Amino acid sequence: MPQLSQKPLSVRLANLTELLISFAASPVPSHFFQTMADYGRMVMDFDYLGIALVDPSEIGFILHTLDSSLTDTPATFNPAPLGEDLISETIQTGRVKKGVWAEGSSDKQFEQFRAQHQLTNHLFVPLMQGERKLGCAVFAATEATSFSDEDEQIGVLLCAGLSANIEMSRLYQTLSDERSTLTALLESTKDGFLVVDPDGQILVANPAFLAMFEVNTDSLVLGKQMFDLFSDSSIPSLFANDAEDEAELKLADGRCVQATRQAVQSGFGEHLGWSVVFHDITLLKELVDMKTDFVNIVAHDLKNPIASIRMAADLIPRLGDTNDRQKDMHGRIVRTSNYMKDLVTELLDIGQLESNTGLNVVPIDLATELEDIVFSLKTNAEVKQIVVLTDLPTGCEIKADSGRLRQLFLNLIGNAIKYTPNEGEVEVRLTNSDDKLVEVCVKDNGLGIPAADLPHIFEKFYRVRTEDRTQIKGTGLGLAISKSIVDAHSGEISVTSQPGEGTAFTVKLPIDQLA
């Protein structure tokens, strides 16, 4: 039986290569189909060429005409369900169907048109993307001839290229939609957003970031070196290997922003760069300052009234004998005034530390200082029969504020004794592991701190509320003051704890604290 195509195979393959290359001119599916309609006859002889595409529900298909030499050819045939016809079988099996049409075996939707124009042979080639069924290409001819094996191979190559480009178009549209969503999100957020690659080249800078740093348009920064453009600001320091993940930056207009840095990694762990979110905390800082000023003023103004109350209370016993009820009331006044005096003193301490009034830095023998603190708390420990163990190697001298350091460790060691039951154990250990930092660990086997409370224990006025602590008095400011003292010395304080087993506070301080 004669074959349809009379062109040499080399010519057909060359034309096929050009057709496949033409697909890349646009990612729009209609471009692929138009390209096949315009250049399909360069690689294949036919009287009809169509594309049957599976509908989104995958229960039917629609046949679209791409090229036809026949009159009155519909541009699109009626939707047809996937059934037992040849087109459906090609789509469902993913195998090529080629041969002469047998009466009644053709696509039922296509049968009337095929019979009218005497399309006697066919070549159906599936369009697949992996296991996903996209549809099939429909080649048909009126002559009593057949499509050759070469035609089948050409058709398979053509449809493989078309399938790949259809899938690429789908991925392109998905990425385009995601990019549009991301762009809308970044443009609408009030937080600044910056992304740089591992070499510091700026990849993304949203409008809020540009406004914060007074840049007119993103074209002035995209693709540029962040280290060159913002060398006068604190931004480059965020990307140093030893930089903190969070920092507060001052903007040129006086506003304050919190910058949070995050490494960007691929799903395979590749380092792709960094992202930084800039959140304006100016109002928050102002509110904190207002609150601090208010607390300091109130605390300062309360000192004299409290002192007057205590002095008046001290005079009561001198007025003469008192009965039991009067003695009880006098004791309550003294205890309450002492508590209020301690509270005011601690509030003023925090105010001084947070206002950065400076440290009186002097050389200190830390081991000697800790020994003295432990000795001063000896009575507290003996009352509860608590053993205080020390490991304080000599020769550890640091530069720090002696008074503040004493306040820090009196609080930590005093708390360890306070929250350890009778006959318990407290350990104070000093470590000088390198020439830059010293480490002091205060550990007890006392009540411990619940995990839910650990993130909050350094907050002002925060106290752990458990039944075993109801009789233990405190203002809730001691640990807040301790953290402020450590921060003022550019150190670190951390805590680990297990309820019922004990708590360990670790303080790291620089040896050479600048004045």
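Summing charges over all other residues whose Cβ lies under 10 Å from the Cβ of VAL54, with Lys and Arg as +1 and Asp and Glu as -1, gives 0. How much net charge surrounds VAL388 when only other residues with a Cβ under 12 Å from its Cβ are counted (Lys, Arg +1; Asp, Glu -1)? Its environment carries a net charge of -2. Taking the average, over residues, of other Cβ atoms within 10 Å as the packing measure, peptides 56-66, 33-43 rank 33-43, 56-66 from highest down. What a 1.4 Å probe finds exposed on segment 376-458 is 49% carbon and sulfur by accessible area, rounded to a whole percent. Each other residue within a Cβ distance under 13 Å of LEU272 adds +1 if Lys or Arg and -1 if Asp or Glu, for a net charge of -3.
Between GLU18 and MET42, the distance separating the two model label sites (each 7 Å from Cα on the Cα→Cβ line) works out to 0.4 nm. About its Cα centre, segment 125-198 has a charge dipole of approximately 360 debye under the convention of +1 per Lys or Arg Cβ and -1 per Asp or Glu Cβ, with nothing else charged.
Computed packing ranks the peptides 19-30, 112-123 as 112-123, 19-30, most packed first, by mean other Cβ atoms within 10 Å. From its DSSP helices (H runs of at least four residues, each -39,500 (n - 2.57)), the chain gives a residue-normalised ellipticity at 222 nm of -13000 deg cm²/dmol.
If R₀ is 30 angstrom, what is the calculated FRET efficiency for the pair ARG465 and MET329, using the beta carbon separation as r and rounding to 0.05?
0.60
Each peptide in 481-489, 90-98, 172-180 was scored by the mean count of other Cβ atoms within 10 Å over its residues; highest first, the order is 481-489, 90-98, 172-180.
Calculated FRET efficiency, VAL156 to GLN265, Cβ-Cβ distance, R0 = 51 Å: about 0.80 to the nearest 0.05.
A straight chain from ASP191 to ASP228 at 0.36 nm per residue would run longer than the Cα-Cα distance by 11.0 nm.
The values are calculated or read from the model by the stated rules, or taken from the named source; none is laboratory data. What you are looking at is a predicted structure, and each value in this text was computed from that prediction instead of being measured. Positions of Cβ are backbone-derived with ideal geometry, glycine not excepted, and every protein chain shown enters the neighbour counts. The area values use the complete protein model at the heavy-atom level, side chains included, leaving out ligands, DNA and RNA. Shrake-Rupley method; radii C 1.70, N 1.55, O 1.52, S 1.80 Å.
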